[in-house]
Structures are given as C-alpha cells and as structure tokens.
Amino acid sequence: MMMVKSVSLALLASALIGGAHGFAPPKPQSLMAKQAAIPNRVRNTELGPHDKEGTGWNSFANLKDIPSGEESRKFRRTVYSHDDWKKHRSQDRFIYYLFAIFKSGVYKNLGREVTATSLVATLVVIYNCIAGGYTDLDGMQQAAIIEGLPKIGLPLAAFTLTSPSLGLLLVFRTNSSYQRWDEARKNWGMNINHTRDLVRMANCYYDDRNVTPEQRADDLNHVALCTWAFVRSMKRHLSPEWEDETAFQEELYEKLPQQQAQMILDAAHRPNRALQDLSYAIDDLPMHFIRKNEIHKAATIFEDNLGSSERILTSPVPLFYSRHLARYLAVWLFLLPLGTYDAFSGSWNHIAMIPTTAVITTMLAGIEEIGTQLEEPFTVLPMQAFCDKIYNWCMEIVSWTPGDNGRIVNSVKTEHAFFTSGDAPAMNGAANGYAAPPVAAAPAPVYEPAPVAAAPVEYAAPPAEYAAPPAPESEGPSQEELNRQWAAAAMGRR
C-alpha cells in the first residue's frame, strides 16, 4: 500500500514539475505529420502566435524568472485553442494552481501589501507580549515585560459589520473592470469580422471586364493591405509607445509602399489616416456605386470600434471610487490583526495570526489587483495576434478568383445586369471603365379618333291613349285681358 502511494505521489510531482505539459496528451505522429505538411499560410489561420512567448493556458510554463508588474502583462494575452481548453477544465487544475501560487504574477504584485499587513500583525503580537505577558519556549507563562501598558485589540464585530460593504465595493470594482475588458474584446472581434467581410465583398463585387488580371490582383491586394494597415495602426494607437513603436514602423515599411507608410507614420492620428487610405482604395474599385456603399458601411464600423476603444483607454473607472476602495481595504486589513488577536489564543503567543493575516491580505487585495489589471484591457489583449491573423485572412481572401473552385461562373448574371450593363456612363463617373444601365425608350404616343356628332333621332308621336289631358277651362279673365288692364291703369296714372 505504501508503495502504491509513493508511486502516485511521484507521478503527481513529475506532472507538476513538468508544468502544464503534464495535462497534455502526446499528439499522434500521423497528426503531427499532417500539420507539418500544411502550408504556413493556411496553418496560421488559427489565432495565436504559439511560437512566441506563449499566449495559451501555459503562457508562463517555460519561464524560469516570472516577471511581475508591467512586464507580466504581455504574458496575459491569452488566445485559447482546443488543447488549452482541455487543460483549463482538467480535474487536476486545483492542485496545479495551488502549487503554482508562488509563480502567480497577481500575487507577486501584492508583495508590499502582504508585507505591510504581516508587519502590523507581528507588531501587535510583540506589543501584547510586552504588555500582557507571553509564553516562553518551554511553555511557561511569563509576566509582562513592561507593567502598566494596556493590551491593544478591537472587537471582531467591527469587521463583521463592515465586511459586507467591503465585499460590495470589491465586486463592483471587478465587474466594472471586466465589462471594460469585454467591450474592448468585442471591438476587436468586430474588427476581425468586418475586415473579412469588407475584403470578401471587394473581391466578389469587382468588375473585371475592362481590366487585366494583373490590375485586378493589384487593386484587391491594395484593399487588403489598407485594411490591415488600419487595424495595425489601431493596435499601435492603443499600445504604449515604448512597447510597439519600433515594431509598428518595421511592419509598415515591410508591407506597404514607402510613401503610404510614411504618410501614416507622419499623421497626427494614424488610424484615421489609414482608414482614409482604405476609403480611397474602395472608391477606386471598378464597381457600381451602390456596391461601393455597402463596402463603405463595413469601413464605417471600424471608426465606431476605434472611438469606443479610445473612450475605454482615456476614461478610467472614476478615480474617487478606486481610491476610496483602496483606502477602505488598506485600513480594514491594517486593523484586522487587532480584531483577530484573541481568536488565535490557542496558538503560541497568538503567532498563527501573522500567516493568517498574510493569506487574508493576499485574497482580498488580489481581488482589487485583478480589477486594476483588467481596467485597462488593451495591454492584456492579444492585439498583435489579431493583426497578424487579419493580414493572413485578408491576403488569402483576395487570392481567390471566381471559378477557381471548378464551377463555371457567368461573367454577368441576369439579376446583376443593372449594375454592369448599358452604354450610358454610370452615376459615379466613367473613369472606372463601366457603364450605367440603358435608359428605357419612351413609349410611342397613342392617338384617339375625334368624336363624331350623332344624327338627331326623331321620335314618333305617342298614341292617343298616352296624349296629355286637355287643360282645364279658365274661369277668370285671360292673360291678354289682364295685360290690357294693366296698361290702361298705367296710362291713367300718368
């Protein structure tokens, strides 16, 4: 039985000493051979430059001297693969994390805080031993070294009452910081999606009837490079100068024409200049203006992502909140040994309070440290990996041509005739080498004959039975007699 336990412990120790590789099963030789046979251009379509410092689950595994502070942030730019997720949910993760606690960059950043609270706890133990007596190494109780000094302490209820509010402050701090990180990651996710979308539409909508294959390839290659130049300029815009400026200049001069690269480097706002070059490249493509508008919509989203990222970079969590939390936590931890002193009366001279205070400080201050590290998300996001893969994907998309999959493609489809056919120049100018759809001819006039007057119709006299009845005889003077009477009366009045 002891032999089995020894073997088990040896295996566990070997796995822990070997780092994260203890969780990863060896790859089959056939699979490794297949991966090696894939061209670099296709094999690199998975995110993450794994041949560099390491961006996965075990990004610190190969480091002997684990950096702390700002230097550790570049090792937190994690991009997971399937193997990384398998290690992440391993059943041995708790054991590994506990044994790797002294390699944690978060805990290394807390060295000063832990030292300070441990020192306070040590001073409390020493003072109370001087003022109230102590137990010597032989277990004998000794009297106070200095008589008359009061022992110091606080009721534990004070910490019980204030701990909920401290917990809420810490939760709100980490939640707000994570929301900032999540928004920044979504901005780059939108960049990745719409760079592929923009280049795909440019490749599909390109009207190559009046251009050579070489001109088509050059136009689309220029669009892809301008798309990459924007995201690379955005990455430099959101990164510290001391970390990225040299690499940024080298990449621009390597991939772009010298004049274009220089114009971007000389601009006061480099992403804006790169986005302007992209707009010029889109507008120069031979296609109908309605299709160009659709491509420009994808470019407009880049400006929205840039503005959102600039807001995150320049506007931290309100400083009065962060500072109040730091002060609250510091005072609470410094006073904690006074409240927990009596609780450790069972240990020799209450000495167990010192390591306990160090552990509590590490856990609580670690939460605040995580929130602070997440508050500025761009230096912990793998933006360089995003830019590299955007370049690979865009250049691969523009290398595809209609019909290269073996299916015959009609040069002009019926439903696309509006965008490509006709003799009149298009609304966006004839310089692009294509014409607008023909204007439909006006319909021939239709003349109606003049109306012909109808001949009068004579109606036969009605029969006698339908004749009007005779007028009744008048019983008074006739109208003629009445006229004569009125005339005579009028003459008489004269």
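Could you work out the local net charge near L119, counting Lys and Arg as +1, Asp and Glu as -1, over the other residues with Cβ closer than 12 Å to its Cβ? Before the final figure, lay out each step's value.
On the way: positive: R112; negative: E113.
Charge balance near L119 sits at 0.
Give the long-range amide H neighbours of T135: residues separated by 5 or more places, or on another chain, with amide H under 5 Å away, using H modelled in the peptide plane at 1.01 Å from N.
Under 5 Å from the amide H of T135: Q142, N349.
Once you sort the root eigenvalues of the Cα gyration tensor of the stretch 148-220 as a ≥ b ≥ c, which label holds: rounded (a/c under 1.5), prolate (a/b larger than b/c) or oblate (the other case)? Present the calculation step by step, with values, prior to reporting the outcome.
On the way: a/c = 15.89, a/b = 5.87, b/c = 2.71.
Prolate shape, in that a/c is at least 1.5 and a/b is the bigger ratio.
Could you state the principal axis extents of the C-alpha atoms in the stretch 235-377, from the largest down, to the nearest angstrom?
Principal extents (Cα only, largest first): 85, 33, 22 Å.
Carbon and sulfur: what percent of the stretch 271-359's accessible surface (1.4 Å probe)? Please report the intermediate quantities before stating the final value.
Details: 2660 of 4240 Å².
The C+S portion of the solvent-accessible surface of the stretch 271-359 is 63 percent.
Looking at the stretch 185-230, what % of the alpha carbon pairs are farther apart than 15 Å? Write out the running numbers ahead of the final one.
Numbers: 495 of 1035 pairs.
Counting pairs separated by more than 15 Å, the tail of P(r) holds 48 percent.
Take the Cα of I146, step 7 Å along the line toward its Cβ, and report every residue of the stretch 331-355 whose backbone nitrogen sits under 19 Å from that point.
Taking a point 7 Å out along Cα→Cβ of I146, the residues of the stretch 331-355 whose backbone N falls under 19 Å are 338.
Using 0.36 nm times the number of residues separating R209 and E294, minus their current alpha carbon distance, what extension gain do you get? Before the final figure, lay out each step's value.
Values: separation 85, 0.36 × 85 = 30.60 nm, distance 2.09 nm.
Stretched out fully, the R209 to E294 stretch lengthens by 28.5 nm.
When a/c reaches 1.5 or more, the comparison of a/b and b/c decides; with that in mind, is the stretch 273-340 rounded, prolate or oblate per its Cα gyration tensor?
prolate
Arranged from highest to lowest average of other beta-carbon atoms within 10 Å per residue, in what order do the peptides 223-230, 338-345, 382-389 appear?
On the way: 223-230: 26.2, 338-345: 16.9, 382-389: 21.1.
So the order, starting with the most tightly packed, is 223-230, 382-389, 338-345.
Report ³J(HN,Hα) in whole Hz for each residue of the stretch 77-87, in order, from the Karplus equation J = 6.51 cos²θ - 1.76 cosθ + 1.60 where θ = phi - 60°; Gly and Pro get x.
Running phi through 6.51 cos²θ - 1.76 cosθ + 1.60 with θ = phi - 60° gives 7, 7, 10, 7, 10, 5, 5, 5, 5, 5, 5 Hz.
Stokes-Einstein D for the stretch 87-206 at 20 °C, 1.002 mPa s, Kirkwood Rh over Cα pairs, in µm²/s? Present the calculation step by step, with values, prior to reporting the outcome.
Working: Rh = 21.2 Å.
Value of D from the Cα-based Kirkwood radius: 101 µm²/s.
Please give the net charge around R196, taking every other residue with its beta carbon less than 11 angstrom from that of R196, where Lys and Arg add +1 and Asp and Glu add -1.
Numbers: positive: R200, K389; negative: D197, E396.
Charge balance in the 11 Å sphere: 0.
The values are calculated or read from the model by the stated rules, or taken from the named source; none is laboratory data. In this text, all values refer to a predicted model and were calculated from it rather than measured experimentally. Cβ atoms come from the backbone with ideal geometry, glycine included; neighbour counts cover every protein chain shown. These accessible areas exclude ligands, DNA and RNA; they are computed on the full protein's heavy atoms, side chains included. Shrake-Rupley method; radii C 1.70, N 1.55, O 1.52, S 1.80 Å.
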